[in-house]
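Enquirer: My structure is below; once you've seen it, I'll send some questions.
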Amino acid sequence: MSNGYQYDGEFHKNLIHGKGNLREPNGEVYDGYFSNGKKEGKGWILFNNGNIYEGNFKNNQIEGKGKLIFKNGDVYEGDFKDNKLEGVGLLKTFDGDKYEG
């Protein structure tokens, strides 16, 4: 790939498609499934800020059920839409507090 992107995985009709690992120039790493060049299905991503997301992707966006592990140790498990926490979820802070809603 060009522009500093590194990809190891499957292709279909010259597009990233199937299981693969994508390393972006900004340091982010995605490992999971692609469909027609976009993140789609189950996967995980290590963000360049140290946070980790595990769960569902749709059309290159974090979407559906998943878990976001913050660099500080907080963990959110629940619903996501358009790369944002949305819907029902549970936040557990690193010091043991829980927030549900």
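Enquirer: For region 24-46, which positions are small (Gly, Ala, Ser), part of a loop (DSSP other than H, G, I, E, B) and under 20 Å from Ile69 (Cα atoms)?
Expert: Here is the first cut: in region 24-46, the ones small (Gly, Ala, Ser) are 27, 32, 35, 37, 41, 43.
With the extra rule that they be part of a loop (DSSP other than H, G, I, E, B), the set shrinks to 27, 37.
Passing the criteria: only Gly27.
Enquirer: Also, quick follow-up: Check Gly96, Gly37, Gly43, Gly78 and return the single one that is closer than 21 Å to Asn3 by Cβ and not hydrophobic (A, V, I, L, M, F, W, C). Reasoning before the result, please.
Expert: On the way: Gly96 fails: closer than 21 Å to Asn3 by Cβ; Gly43 fails: closer than 21 Å to Asn3 by Cβ; Gly78 fails: closer than 21 Å to Asn3 by Cβ.
When all the criteria are applied, what remains is Gly37.
Enquirer: Could you tell me which of the residues Asn49, Asn21, Asn3 is loosely packed, with under 14 Cβ neighbours inside 10 Å, in a strand (DSSP E or B) and touching a residue at least 12 places away in the same chain (Cβ under 8 Å)?
Expert: Numbers: Asn49 fails: in a strand (DSSP E or B); Asn3 fails: in a strand (DSSP E or B).
It is Asn21.
Enquirer: Check whether at least one residue in region 8-17 is surrounded by fewer than 17 Cβ atoms within 10 Å (Cβ to Cβ) and within 21 Å of Gly64 (Cα to Cα), and report yes or no.
Expert: Narrowing region 8-17 to residues surrounded by fewer than 17 Cβ atoms within 10 Å (Cβ to Cβ): 8-15.
This time we only want the ones that are within 21 Å of Gly64 (Cα to Cα), so: none.
Within region 8-17, none of the residues are surrounded by fewer than 17 Cβ atoms within 10 Å (Cβ to Cβ) and within 21 Å of Gly64 (Cα to Cα).
Any read-out appearing in this document is the output of simple, stated calculations on the displayed coordinates, not a laboratory observation. Model, not experiment: these values are computed from the prediction. We place every Cβ from the backbone using ideal geometry, glycine too, and count neighbours over all the protein chains shown.
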